[in-house]
Structure formats: structure tokens, C-alpha cells
1. Check which residues have an amide H placed less than 5 Å from Asp191's amide H, if you skip close sequence neighbours.
2. Tell me the net charge near Thr162. Cut-off is 14 Å between Cβ atoms, Thr162 excluded, with +1 for each Lys or Arg and -1 for each Asp or Glu.
3. May I have the extent of the alpha carbons of the chain along their three principal axes, as whole Å values ordered from largest to smallest?
4. According to a simple spin-label model (label point 7 Å from Cα along Cα-to-Cβ), what is the distance in nm between Glu179 and Leu224?
5. Residue by residue through segment 97-104, which ³J(HN,Hα) values in whole Hz follow from phi under the Karplus form 6.51 cos²θ - 1.76 cosθ + 1.60 (θ = phi - 60°), with glycine and proline marked x?
6. If amide H atoms are built 1.01 Å from N in the plane of the peptide, which residues on other chains or at least 5 residues away come under 5 Å of the amide H of Ala48?
7. When the convex hull of the C-alpha atoms of segment 127-235 is computed, what volume per residue in Å³ does it have?
8. Per 5 Å bin, what is the whole-percent P(r) computed from every C-alpha pair distance within segment 16-172?
Amino acid sequence: MRRGWRRTLLVALLAVSRAVAGAAAAPFTVEEVAPGIWVHRGAVADFAPDNRGDIANLAFVVGTRGVLVVDAGGSAAVGRDWVAAVRGVTDRPIRWLVLTHVHPDHVFGAGTVVAAGARVIVGHARLARAFAERGPVYAASMERLLGPEVFAGSEVPAPTRTVAPGERLRLDLGDRTVEIRGWPVAHTDTDLTVLDQATGTLLAGDLVFLDRLPVVDGSLLGWLRVLDELARLPATRVVPGHGPAVAPWPAALAAERRYLRDLHDAVRGLVREGVSLAEAPARIPPPSGWRLVDPDHGRNVTAAYAELEWEE
Ligand SMILES: [Zn+2]
């Protein structure tokens, strides 16, 4: 009896906490940005219980052979909504999952997408090692920031197919082909892009930020070089990793390129002037026109300084 009562209470408590979480979370929506390409827009926000880690843009491409999913959201809870959103659009099998890079807001729903059928997991050649190094720290901080109930069950299976820097992998989705490309160190050391050739749509992951200030977690110089190559891709629209669901290409690159170039020039100036690493962030004013500038701008200055002091 007593045991049964306890179980009932537990179920009731779970129901209440789910109701609270459900009330706080925004409805999980997708929009079709080009024929057969659907995007879920993540919140432009930092990790918090009310967004459950749903702060990155996610996409899927529907072909006659099946569905290719690009990124998986920041928790198993987001991954479940993401799979449900795919199922709301098409009953074709989920066959492929592409993880655009190692950051937690893009990968922790991966286990849920794999459980829904994705047998091919595509990642950068360095992804498994990067995740082995960072995964435990990411998981601990996500559990703290999002809450254990939201984060429970979040996992990131290793890629079954890797793509090296400079390599291009073509996947045949039936009536359309996508080209997945591995990049040298830029936003991170694990960046991939997906180009849907049928519609000229570039799924850029975090190589392209709009609205939210770009975060330099790889190489500023490398990212600037990659942008020059990216701009030449035969696309007419881009789905950025953060910001609106879709934007015109290559015009969408302009603001990010300007910020990264200005950052480069300003930090190089300070290094030449002999300003110390500790003093540098306060010497470069935050840029206008971006959201979530603090504290990422200061971190970017520090990262750029550590990279550029060896250039001089
Ligand atoms: Zn990222």
C-alpha cells in the first residue's frame, strides 16, 4: 500500500514538473525554407532550464530514400521534440544524422535521433576525439544549467562515417544529393557544412552566425580563410547555426566577416602596442548589431590574442 502510494506521488510530482516545463518551453516549430528543407529555429539565448538547450538552429532534408537530419539540439528533451517534428512532416525513414561540430547545443539530442533510426552518423574526422576530451565537462555543465530531468538520457554516439578537412562526402538521398564538406580549424576544429545541391541551400552549422555574436573556439585566422572559401560555394541561401532560419547567400556572411576582421585588426594592433593579454578585452569595445555580446566578445579577444601573439 505504502509503496503504491509513494509511486503515485512520484508520478504526480513528475506530471507537475512536466507541466511546468511544458508551460515554460516555447512550442517546437519547423518551417520549410526551400523545397524539402525544414528548419527549427533555436532561441537566441544562453542555456537555461526554460529553453532546455534549444538554442541552435536544426535542419532536415527530405529525399525519396529517407531523411537526413542536421544537428540534434542540446538535450535528449530537445531531441525528442526534434524527432517528433520530423515525424510531423514526413513518414520517410530517418537514415542519416550529420553533426556539424562538437558544441553541446548541437549534439546532445543525437542519441534520440539515432534511436529513431539514423544508422549513419556523419562527423568531422576530429569529432570523436574532441568529444572524448570535452564531453564529460559539457555533460556536467549542461546537467547543471538545464536541470537533470531535461538532460537525462542525453548522449552522443560516435560518428560511423567521418569527413576529413578538405574532404567532400556525397550522400544520395534518392531524388537529391547533398555534399558534406569537412573544414580546417575555424569556428571549432570539427566543423562540417552540408550543401543541398538540388536547391542551392547551405546548412552551415556555426561557420555562419547571424544575430548572436560569433564565438571563436578554433582559429580566428583559420575562420577568416574558411569564409573566403565558403563564399564561393554554389548556394543561394544559408541556414545559419544561430539566428534566423534562412538568409540570402553569400550576403549573410558580411556581418560575421566584418566582426572577425575587426577583431583581428584590433587585437593585432594591441599585440604590436605591447598591451598584455589581461588588459586586451577592456581595450576593444563590444561591437554593435549583435546579441549576447557579453561575455563572448571578451572571450573572443582573449582567444584571438593567444593566437595572434605568435604571428608577430
Ligand atoms: Zn558552435
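FYI, it's all coordinate maths here, none of it is from the lab. All of these numbers come straight from a predicted model, not from anything done at the bench. All Cβ positions, even for glycine, are placed from backbone atoms using ideal geometry, and neighbour counts span all protein chains on display.
1. Placed amide hydrogens put Trp183, Ala186 under 5 Å from Asp191.
2. Counting the neighbours of Thr162, the net charge comes to +2.
3. If we take the Cα atoms of the chain, the spans are 76, 49, 33 Å.
4. Taking the two extended label points, one gets 2.7 nm.
5. 10, 10, 9, 6, 4, 7, 5, x
6. Those lying under 5 Å, H to H, from Ala48 are Gly53.
7. Details: hull volume 15.8 nm³, N = 109.
In segment 127-235, the Cα convex hull volume per residue is 145 Å³.
8. Percent of pairs per bin, in order: 2, 10, 20, 22, 21, 14, 8, 3, 1, 0.
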